[in-house]
Amino acid sequence: MSKPYVLMVKTAGSVCNMHCDYCYYIDKRQDHFMRTDVLEQMIRDYFSSYPGPVYSFVWHGGEPTLLGLDFYREAVRLEKQYLPQGTVCWNNLQTNGTLLNEEWCRFLAEENFDVGISIDGTKAIHERYRHNGSYEDIVKHIRMLQSCNKQPDLLCALTEDAAQDALETYHALRDLNTGWIQFIPVISDKNEIASKASLKAETYGCFLVTVFEEWIRNDIDHLGIQFFMELLNILSGGQASLCYMSETCGRALIIEHDGSVYSCDHFVDEKHRLGTLQEKRLADMIESEEQFAFGTRKHSDLSVRCKACPYLRLCYGGCPKDRQEGRYELCEGLLHFFEQETDKLQLIITMLKNKKTLTEVKGYFRDGKNDSE
(Lines give C-alpha, C1' and ligand atoms only; values in the text may rest on other atoms or scores of the structure.)
Protein backbone atom coordinates (compact mmCIF):
# COMPACT_ATOMS: atom_id res chain seq x y z
CA MET A 1 0.00 0.00 0.00
CA SER A 2 1.41 3.38 -1.00
CA LYS A 3 -1.39 5.91 -0.40
CA PRO A 4 -1.31 7.41 3.10
CA TYR A 5 -4.32 7.63 5.33
CA VAL A 6 -5.27 9.28 8.61
CA LEU A 7 -6.80 7.85 11.77
CA MET A 8 -9.41 9.95 13.54
CA VAL A 9 -9.60 8.44 17.00
CA LYS A 10 -12.75 8.86 19.08
CA THR A 11 -11.10 8.09 22.41
CA ALA A 12 -14.19 9.12 24.37
CA GLY A 13 -16.81 8.14 21.82
CA SER A 14 -19.50 10.82 21.96
CA VAL A 15 -18.87 11.68 25.62
CA CYS A 16 -18.46 15.44 26.06
CA ASN A 17 -18.55 17.96 28.90
CA MET A 18 -20.34 20.46 26.66
CA HIS A 19 -23.70 20.24 24.96
CA CYS A 20 -23.73 22.02 21.62
CA ASP A 21 -27.12 22.35 19.99
CA TYR A 22 -25.79 21.65 16.51
CA CYS A 23 -23.55 18.68 17.41
CA TYR A 24 -23.79 15.91 14.80
CA TYR A 25 -22.11 13.26 16.95
CA ILE A 26 -24.08 13.20 20.16
CA ASP A 27 -25.70 9.85 21.05
CA LYS A 28 -23.87 8.03 18.27
CA ARG A 29 -22.26 5.58 20.66
CA GLN A 30 -22.34 4.35 24.24
CA ASP A 31 -20.45 6.43 26.75
CA HIS A 32 -17.10 4.67 27.26
CA PHE A 33 -13.40 5.52 27.14
CA MET A 34 -10.73 3.77 25.08
CA ARG A 35 -8.69 1.16 26.98
CA THR A 36 -4.90 1.21 26.71
CA ASP A 37 -4.80 -2.26 25.17
CA VAL A 38 -7.02 -1.03 22.32
CA LEU A 39 -4.80 2.04 22.02
CA GLU A 40 -1.67 -0.11 21.72
CA GLN A 41 -3.23 -2.45 19.18
CA MET A 42 -4.35 0.51 17.06
CA ILE A 43 -0.93 2.17 17.05
CA ARG A 44 0.94 -1.05 16.33
CA ASP A 45 -1.45 -2.02 13.52
CA TYR A 46 -1.37 1.45 11.94
CA PHE A 47 2.43 1.64 11.84
CA SER A 48 2.60 -1.78 10.21
CA SER A 49 -0.14 -1.05 7.65
CA TYR A 50 1.90 1.03 5.20
CA PRO A 51 5.49 2.28 4.95
CA GLY A 52 4.96 5.94 5.79
CA PRO A 53 6.95 8.17 5.90
CA VAL A 54 4.24 10.15 7.74
CA TYR A 55 1.58 8.77 10.06
CA SER A 56 -1.28 10.96 11.30
CA PHE A 57 -3.50 10.67 14.36
CA VAL A 58 -6.37 13.08 14.97
CA TRP A 59 -7.53 12.73 18.56
CA HIS A 60 -11.19 13.65 18.52
CA GLY A 61 -14.47 13.11 20.31
CA GLY A 62 -16.75 13.87 21.99
CA GLU A 63 -14.16 15.62 24.10
CA PRO A 64 -10.83 13.75 24.00
CA THR A 65 -9.27 15.51 27.02
CA LEU A 66 -11.81 13.78 29.27
CA LEU A 67 -9.50 10.74 29.27
CA GLY A 68 -6.86 12.73 31.11
CA LEU A 69 -3.28 13.62 30.28
CA ASP A 70 -1.81 10.25 31.28
CA PHE A 71 -3.70 8.56 28.43
CA TYR A 72 -1.96 10.77 25.85
CA ARG A 73 1.41 10.37 27.55
CA GLU A 74 0.93 6.64 27.06
CA ALA A 75 -0.12 7.19 23.43
CA VAL A 76 3.09 9.13 22.74
CA ARG A 77 5.17 6.47 24.50
CA LEU A 78 3.62 3.76 22.34
CA GLU A 79 4.11 5.81 19.18
CA LYS A 80 7.80 6.16 19.95
CA GLN A 81 8.05 2.44 20.74
CA TYR A 82 6.47 1.23 17.49
CA LEU A 83 7.35 4.00 15.02
CA PRO A 84 9.35 2.57 12.08
CA GLN A 85 12.82 3.99 11.66
CA GLY A 86 13.02 6.95 9.30
CA THR A 87 9.34 7.89 9.66
CA VAL A 88 7.48 10.55 11.65
CA CYS A 89 4.21 10.61 13.54
CA TRP A 90 1.94 13.65 13.57
CA ASN A 91 -0.61 14.21 16.35
CA ASN A 92 -3.53 16.61 16.28
CA LEU A 93 -5.77 17.16 19.30
CA GLN A 94 -9.22 18.58 18.53
CA THR A 95 -10.68 19.96 21.76
CA ASN A 96 -13.24 22.40 23.11
CA GLY A 97 -10.41 23.76 25.25
CA THR A 98 -12.30 23.87 28.53
CA LEU A 99 -10.19 21.29 30.40
CA LEU A 100 -6.73 22.46 29.42
CA ASN A 101 -4.32 23.70 32.08
CA GLU A 102 -0.62 24.56 32.25
CA GLU A 103 0.43 20.89 32.47
CA TRP A 104 -1.62 20.02 29.39
CA CYS A 105 -0.22 22.98 27.48
CA ARG A 106 3.39 22.12 28.30
CA PHE A 107 2.84 18.52 27.22
CA LEU A 108 1.23 19.51 23.91
CA ALA A 109 4.07 21.91 23.18
CA GLU A 110 6.85 19.52 24.21
CA GLU A 111 5.41 16.64 22.14
CA ASN A 112 4.69 18.94 19.18
CA PHE A 113 0.96 18.28 18.97
CA ASP A 114 -1.08 20.40 16.63
CA VAL A 115 -4.07 21.67 18.58
CA GLY A 116 -7.46 22.71 17.23
CA ILE A 117 -9.72 24.59 19.61
CA SER A 118 -13.42 25.05 18.94
CA ILE A 119 -14.55 28.63 19.45
CA ASP A 120 -17.41 30.21 17.56
CA GLY A 121 -16.41 33.86 17.19
CA THR A 122 -17.86 36.28 19.72
CA LYS A 123 -18.82 35.38 23.28
CA ALA A 124 -22.51 35.97 22.55
CA ILE A 125 -22.60 33.67 19.50
CA HIS A 126 -20.35 31.05 21.09
CA GLU A 127 -22.47 30.67 24.21
CA ARG A 128 -25.76 30.76 22.31
CA TYR A 129 -25.26 27.20 21.08
CA ARG A 130 -22.37 25.83 23.17
CA HIS A 131 -23.63 25.09 26.66
CA ASN A 132 -21.61 24.31 29.81
CA GLY A 133 -18.53 25.93 28.31
CA SER A 134 -17.09 29.25 29.40
CA TYR A 135 -15.92 31.49 26.58
CA GLU A 136 -13.54 33.29 28.95
CA ASP A 137 -11.96 30.01 30.09
CA ILE A 138 -11.38 28.91 26.50
CA VAL A 139 -9.74 32.23 25.63
CA LYS A 140 -7.60 31.91 28.78
CA HIS A 141 -6.46 28.46 27.69
CA ILE A 142 -5.65 29.71 24.19
CA ARG A 143 -3.40 32.31 25.82
CA MET A 144 -1.91 29.59 28.00
CA LEU A 145 -0.98 27.55 24.91
CA GLN A 146 0.54 30.63 23.31
CA SER A 147 2.66 31.23 26.40
CA CYS A 148 4.09 27.73 25.80
CA ASN A 149 4.88 28.69 22.19
CA LYS A 150 2.05 26.57 20.87
CA GLN A 151 -0.33 28.35 18.50
CA PRO A 152 -3.66 26.52 18.26
CA ASP A 153 -5.83 26.45 15.16
CA LEU A 154 -9.24 28.00 15.74
CA LEU A 155 -12.26 25.98 14.59
CA CYS A 156 -15.40 28.05 14.23
CA ALA A 157 -18.72 26.25 13.73
CA LEU A 158 -20.28 28.76 11.36
CA THR A 159 -23.94 29.18 12.25
CA GLU A 160 -26.44 31.44 10.51
CA ASP A 161 -26.10 33.97 13.35
CA ALA A 162 -22.31 34.03 13.18
CA ALA A 163 -22.30 34.39 9.40
CA GLN A 164 -24.77 37.26 9.47
CA ASP A 165 -22.30 39.17 11.68
CA ALA A 166 -19.39 38.30 9.38
CA LEU A 167 -16.87 40.96 10.36
CA GLU A 168 -17.65 40.75 14.07
CA THR A 169 -17.20 36.97 13.99
CA TYR A 170 -14.02 37.21 11.93
CA HIS A 171 -12.44 39.97 14.02
CA ALA A 172 -13.13 38.13 17.29
CA LEU A 173 -11.18 35.13 16.00
CA ARG A 174 -8.49 37.10 14.20
CA ASP A 175 -7.73 39.15 17.31
CA LEU A 176 -6.78 36.01 19.23
CA ASN A 177 -3.64 36.07 17.04
CA THR A 178 -3.24 32.33 16.55
CA GLY A 179 -2.44 32.56 12.83
CA TRP A 180 -5.03 30.05 11.55
CA ILE A 181 -8.83 29.91 11.36
CA GLN A 182 -11.10 27.19 10.03
CA PHE A 183 -14.76 27.98 9.39
CA ILE A 184 -16.98 24.87 9.48
CA PRO A 185 -20.48 25.48 8.07
CA VAL A 186 -23.25 24.16 10.29
CA ILE A 187 -25.82 22.24 8.24
CA SER A 188 -28.23 20.42 10.52
CA ASP A 189 -31.90 19.62 10.94
CA LYS A 190 -31.62 17.24 13.89
CA ASN A 191 -33.82 19.45 16.09
CA GLU A 192 -35.55 22.82 16.06
CA ILE A 193 -32.63 24.71 17.58
CA ALA A 194 -30.09 23.09 15.24
CA SER A 195 -32.28 23.94 12.26
CA LYS A 196 -32.34 27.58 13.39
CA ALA A 197 -28.54 27.58 13.66
CA SER A 198 -28.13 25.94 10.25
CA LEU A 199 -26.39 28.12 7.70
CA LYS A 200 -28.28 29.38 4.64
CA ALA A 201 -26.55 29.35 1.26
CA GLU A 202 -27.09 33.06 0.60
CA THR A 203 -25.69 34.02 4.00
CA TYR A 204 -22.68 31.77 3.45
CA GLY A 205 -21.84 33.35 0.12
CA CYS A 206 -22.02 36.87 1.56
CA PHE A 207 -19.95 35.79 4.56
CA LEU A 208 -17.18 34.36 2.36
CA VAL A 209 -17.02 37.48 0.19
CA THR A 210 -16.99 39.84 3.19
CA VAL A 211 -14.32 37.92 5.07
CA PHE A 212 -12.18 37.33 1.98
CA GLU A 213 -12.15 41.04 1.12
CA GLU A 214 -11.20 41.92 4.69
CA TRP A 215 -8.54 39.21 4.78
CA ILE A 216 -6.71 40.16 1.56
CA ARG A 217 -6.65 43.85 2.54
CA ASN A 218 -5.51 43.50 6.12
CA ASP A 219 -4.46 40.02 7.23
CA ILE A 220 -3.25 37.77 4.40
CA ASP A 221 0.40 38.18 5.40
CA HIS A 222 -0.01 36.93 8.97
CA LEU A 223 -3.19 34.83 9.09
CA GLY A 224 -4.25 31.70 7.23
CA ILE A 225 -7.92 30.95 6.62
CA GLN A 226 -8.21 27.30 5.71
CA PHE A 227 -10.78 27.54 2.91
CA PHE A 228 -9.03 30.40 1.14
CA MET A 229 -5.61 28.80 1.53
CA GLU A 230 -6.93 25.55 0.09
CA LEU A 231 -8.38 27.39 -2.91
CA LEU A 232 -5.01 29.04 -3.55
CA ASN A 233 -3.40 25.62 -3.42
CA ILE A 234 -5.88 24.10 -5.89
CA LEU A 235 -5.73 27.04 -8.31
CA SER A 236 -1.94 26.82 -8.21
CA GLY A 237 -2.16 23.26 -9.52
CA GLY A 238 -2.01 21.41 -6.21
CA GLN A 239 -4.22 18.59 -4.98
CA ALA A 240 -6.86 19.39 -2.39
CA SER A 241 -5.76 18.26 1.05
CA LEU A 242 -9.25 18.52 2.58
CA CYS A 243 -11.53 15.54 2.00
CA TYR A 244 -14.66 17.60 1.41
CA MET A 245 -12.92 19.58 -1.36
CA SER A 246 -11.34 16.54 -3.01
CA GLU A 247 -12.74 14.61 -5.97
CA THR A 248 -12.92 11.46 -3.87
CA CYS A 249 -12.53 10.73 -0.16
CA GLY A 250 -12.25 7.75 2.14
CA ARG A 251 -8.65 8.07 3.38
CA ALA A 252 -9.57 8.94 6.98
CA LEU A 253 -10.77 6.03 9.10
CA ILE A 254 -12.70 6.52 12.31
CA ILE A 255 -11.67 4.45 15.32
CA GLU A 256 -14.23 4.33 18.10
CA HIS A 257 -13.30 3.85 21.75
CA ASP A 258 -13.98 0.10 21.54
CA GLY A 259 -11.91 -0.47 18.38
CA SER A 260 -14.80 -0.32 15.92
CA VAL A 261 -13.78 1.17 12.57
CA TYR A 262 -15.99 3.30 10.32
CA SER A 263 -15.70 4.89 6.90
CA CYS A 264 -16.07 8.51 7.97
CA ASP A 265 -16.61 10.81 10.93
CA HIS A 266 -20.05 11.73 9.61
CA PHE A 267 -21.14 8.18 8.86
CA VAL A 268 -20.71 6.34 12.15
CA ASP A 269 -23.48 3.81 11.62
CA GLU A 270 -23.82 0.10 10.92
CA LYS A 271 -23.97 0.62 7.16
CA HIS A 272 -20.48 2.17 7.22
CA ARG A 273 -18.94 -0.09 9.87
CA LEU A 274 -15.86 -1.74 8.33
CA GLY A 275 -15.04 -4.04 11.24
CA THR A 276 -13.01 -3.86 14.44
CA LEU A 277 -9.33 -3.76 15.30
CA GLN A 278 -9.83 -7.10 16.99
CA GLU A 279 -11.24 -8.73 13.81
CA LYS A 280 -9.38 -7.12 10.91
CA ARG A 281 -6.18 -5.31 10.01
CA LEU A 282 -6.42 -1.59 9.29
CA ALA A 283 -4.71 -2.18 5.94
CA ASP A 284 -7.50 -4.52 4.89
CA MET A 285 -10.22 -2.10 5.96
CA ILE A 286 -8.77 1.02 4.31
CA GLU A 287 -8.22 -0.91 1.05
CA SER A 288 -11.53 -2.79 1.16
CA GLU A 289 -14.05 -2.68 -1.66
CA GLU A 290 -16.53 -1.09 0.74
CA GLN A 291 -14.19 1.80 1.56
CA PHE A 292 -13.18 2.30 -2.07
CA ALA A 293 -16.85 2.47 -3.09
CA PHE A 294 -17.56 4.90 -0.25
CA GLY A 295 -14.76 7.23 -1.38
CA THR A 296 -15.60 7.17 -5.10
CA ARG A 297 -19.30 7.86 -4.49
CA LYS A 298 -18.29 11.38 -3.52
CA HIS A 299 -17.84 12.06 -7.25
CA SER A 300 -20.10 9.52 -8.89
CA ASP A 301 -23.18 10.58 -6.90
CA LEU A 302 -22.90 14.25 -7.89
CA SER A 303 -25.81 15.80 -9.74
CA VAL A 304 -25.56 16.44 -13.48
CA ARG A 305 -25.54 20.17 -12.76
CA CYS A 306 -22.60 19.83 -10.40
CA LYS A 307 -20.58 17.79 -12.88
CA ALA A 308 -21.10 20.51 -15.51
CA CYS A 309 -20.18 23.38 -13.16
CA PRO A 310 -17.10 25.43 -14.20
CA TYR A 311 -16.03 25.57 -10.55
CA LEU A 312 -16.36 21.83 -9.89
CA ARG A 313 -12.64 21.32 -9.19
CA LEU A 314 -12.77 23.94 -6.42
CA CYS A 315 -15.26 22.04 -4.27
CA TYR A 316 -16.31 18.73 -5.88
CA GLY A 317 -19.74 19.07 -4.37
CA GLY A 318 -18.68 19.34 -0.74
CA CYS A 319 -19.17 16.56 1.78
CA PRO A 320 -21.80 13.95 0.82
CA LYS A 321 -23.43 14.41 4.22
CA ASP A 322 -24.39 17.95 3.16
CA ARG A 323 -26.03 17.11 -0.16
CA GLN A 324 -29.61 16.96 -1.33
CA GLU A 325 -30.15 14.92 -4.50
CA GLY A 326 -26.45 14.99 -5.27
CA ARG A 327 -26.02 18.73 -4.80
CA TYR A 328 -24.30 20.61 -1.98
CA GLU A 329 -26.82 22.46 0.19
CA LEU A 330 -24.66 25.61 0.22
CA CYS A 331 -23.93 25.46 -3.51
CA GLU A 332 -25.47 28.83 -4.37
CA GLY A 333 -23.37 30.50 -1.70
CA LEU A 334 -20.17 28.98 -3.08
CA LEU A 335 -21.14 30.00 -6.61
CA HIS A 336 -21.62 33.58 -5.45
CA PHE A 337 -18.17 33.59 -3.87
CA PHE A 338 -16.42 31.91 -6.81
CA GLU A 339 -18.00 34.32 -9.31
CA GLN A 340 -17.00 37.32 -7.19
CA GLU A 341 -13.51 36.34 -6.06
CA THR A 342 -11.86 33.70 -8.27
CA ASP A 343 -10.12 36.37 -10.40
CA LYS A 344 -8.60 37.85 -7.24
CA LEU A 345 -7.43 34.44 -6.10
CA GLN A 346 -5.76 33.99 -9.49
CA LEU A 347 -4.15 37.42 -9.21
CA ILE A 348 -2.72 36.54 -5.79
CA ILE A 349 -1.17 33.43 -7.31
CA THR A 350 0.30 35.47 -10.18
CA MET A 351 1.79 38.00 -7.77
CA LEU A 352 3.35 35.27 -5.66
CA LYS A 353 4.79 33.61 -8.76
CA ASN A 354 6.27 37.00 -9.64
CA LYS A 355 8.11 36.95 -6.31
CA LYS A 356 5.84 39.42 -4.53
CA THR A 357 5.55 38.96 -0.79
CA LEU A 358 2.25 38.51 0.99
CA THR A 359 2.73 41.95 2.50
CA GLU A 360 3.00 43.38 -1.02
CA VAL A 361 -0.12 41.44 -2.00
CA LYS A 362 -1.93 42.96 0.96
CA GLY A 363 -0.72 46.44 0.03
CA TYR A 364 -2.00 46.05 -3.53
CA PHE A 365 -5.53 45.13 -2.45
CA ARG A 366 -5.58 47.67 0.36
CA ASP A 367 -4.12 50.63 -1.50
CA GLY A 368 -4.89 49.72 -5.11
CA LYS A 369 -1.24 49.82 -6.18
CA ASN A 370 -0.57 47.25 -8.85
CA ASP A 371 2.92 45.92 -8.20
CA SER A 372 2.19 42.61 -9.91
CA GLU A 373 3.47 43.61 -13.34
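The values are calculated or read from the model by the stated rules, or taken from the named source; none is laboratory data. Bear in mind the structure is a predicted one, so any value in this text is a computation, not a measurement. Virtual Cβ from ideal backbone geometry, glycine too; neighbours counted across all protein chains shown. These accessible areas exclude ligands, DNA and RNA; they are computed on the full protein's heavy atoms, side chains included. Shrake-Rupley method; radii C 1.70, N 1.55, O 1.52, S 1.80 Å.
For the charge dipole of the range 237-286, defined by +1 on Lys and Arg C-beta atoms and -1 on Asp and Glu C-beta atoms about the Cα centroid, which residue among GLY237, THR276, HIS257 has the Cα displaced farthest towards the positive pole?
Comparing the listed Cα positions along the dipole, GLY237 ranks first.
Under the rule a/c < 1.5 gives rounded, and otherwise a/b versus b/c splits prolate from oblate, where does the range 143-264 land using the Cα gyration tensor? Intermediate values should be presented prior to the final figure.
Numbers: a/c = 1.34, a/b = 1.17, b/c = 1.14.
Taking the square roots of the gyration eigenvalues as a ≥ b ≥ c, the range 143-264 is rounded.
5 Å is the cut-off here: which amide hydrogens, built 1.01 Å from N in the peptide plane, fall below it relative to GLY116, excluding neighbours closer than 5 in sequence?
Amide H to amide H, under 5 Å and 5 or more residues apart or across chains, GLY116 pairs with LEU93, GLN94, THR95, ASP153.
Output wanted: per-residue J couplings in Hz (rounded whole) for the range 99-104, from phi through Karplus 6.51 cos²θ - 1.76 cosθ + 1.60, θ = phi - 60°, x for Gly and Pro.
In residue order, the calculated couplings are 9, 5, 8, 5, 5, 4 Hz.
If I compute solvent accessible area with a 1.4 Å probe over the protein chains, what percent of it on the chain is carbon and sulfur? Spell out each step's value before the answer.
Working: 8110 of 16930 Å².
Whole-percent figure for carbon plus sulfur exposure: 48.
Give the accessible area for LYS190 in Å² (nearest 10); use a 1.4 Å probe, count only protein heavy atoms, and leave out ligands, DNA and RNA.
100 Å²
Using heavy-atom solvent-accessible surface (probe 1.4 Å) with all chains present, what is the largest-first order of ILE187, ILE125? Walk me through the numbers on the way to the answer.
Values: ILE187 35, ILE125 10 Å².
From most accessible down to least: ILE187, ILE125.
What are the residues whose amide H is under 5 Å from the amide H of GLU63, where those residues sit 5 or more places off or on another chain and H is modelled from the backbone?
Amide H neighbours of GLU63, under 5 Å, 5+ apart: VAL15, CYS16, ASN17.
Checking the a/c ratio against 1.5 first, then a/b against b/c, what shape does the Cα gyration tensor give for the chain?
Rounded is the answer for the chain, as its axis ratio a/c remains below 1.5.
Which ³J(HN,Hα) values, rounded to whole Hz and listed in residue order, are derived for the range 343-356 from phi using the Karplus coefficients 6.51, -1.76 and 1.60 in 6.51 cos²θ - 1.76 cosθ + 1.60 with θ = phi - 60°, glycine and proline given as x?
Once θ is set to phi - 60°, the couplings for the range 343-356 become 4, 6, 4, 5, 5, 4, 4, 4, 5, 5, 5, 8, 6, 7 Hz.
Over the residues of the range 86-188, compute the C-alpha Rg and express it relative to 2.2 N^0.38 Å.
In units of the globular-protein estimate, the range 86-188 measures up at 1.09.
Pairs of Cα atoms under 8 Å, at least six residues apart: use those to get the relative contact order of the range 140-181, whole percent. Walk me through the intermediate numbers first.
Details: 24 pairs, mean separation 19.2, N = 42.
So the answer I get is 46 percent.
What's the magnitude of the charge dipole for the chain around its Cα centre, counting Lys and Arg as +1 and Asp and Glu as -1 at the beta-carbon? Answer in Debye, nearest 20.
On the way: 41 positive and 56 negative charges, 153 e Å.
The dipole magnitude comes to about 740 debye.
Just by accessible area at a 1.4 angstrom probe, what is the order of GLU325, GLU287 from largest to smallest?
Numbers: GLU325 180, GLU287 95 Å².
So the residues, ranked largest to smallest area, are GLU325, GLU287.
Counting only residues 5 or more places away or on other chains, whose amide H sits under 5 Å from the amide H of LEU158 once H atoms are built in the peptide plane?
ILE184, VAL186
Mind grabbing the accessible area of TYR25 for me, 1.4 Å probe, Å², rounded to tens?
Counting only protein heavy atoms, the figure is 10 Å².
Once phi is turned into ³J(HN,Hα) by the Karplus curve 6.51 cos²θ - 1.76 cosθ + 1.60 with θ = phi - 60°, what whole-Hz value does each residue of the range 222-239 show in order, with x for glycine and proline?
9, 9, x, 10, 3, 4, 5, 5, 5, 5, 4, 4, 5, 5, 7, x, x, 8
Which value, in debye to the nearest 20, gives the size of the charge dipole of the range 235-345 about its Cα centre, when Lys and Arg are +1 and Asp and Glu are -1 at the Cβ? List each step's numbers first, then the result.
Working: 14 positive and 19 negative charges, 61 e Å.
Dipole magnitude for the range 235-345 comes out near 300 debye.
Write down the percent of antiparallel bridges among all DSSP beta bridges whose residues are both part of the chain, to the nearest 5.
Looking only at bridges with both residues in the chain, the antiparallel portion is about 25 percent.
What does the helix-only formula give at 222 nm for the chain: each DSSP H stretch with n ≥ 4 adding -39500 (n - 2.57), the total divided by the residues, and the result rounded to the nearest 500 deg cm²/dmol?
That comes out to -13000 deg cm²/dmol.
Of ASP343, ASP367, ASP322, ASP221, which has the most accessible area with a 1.4 Å probe, and how do the rest follow in descending order? Write out the running numbers ahead of the final one.
Values: ASP343 125, ASP367 80, ASP322 15, ASP221 50 Å².
The ordering from most to least exposed comes out as ASP343, ASP367, ASP221, ASP322.
Write down the accessible area per residue of the chain in Å², having rolled a 1.4 Å probe over the full set of protein chains. Provide the component values of the computation, followed by the final result.
On the way: 16930 Å² over 373 residues.
Heavy-atom SASA per residue in the chain reads 45 Å².
Give me the number: length gained by fully extending THR350 to ASN132, i.e. 0.36 nm times residue separation minus the C-alpha to C-alpha distance, one decimal in nm.
So the extension gain works out to 73.8 nm.
From the square roots a ≥ b ≥ c of the eigenvalues of the alpha-carbon gyration tensor of the range 290-373, which class results: rounded (a/c under 1.5), prolate (a/b over b/c), or oblate? All intermediate terms of the calculation are to be shown ahead of the outcome.
Values: a/c = 3.56, a/b = 2.48, b/c = 1.44.
Taking the square roots of the gyration eigenvalues as a ≥ b ≥ c, the range 290-373 is prolate.
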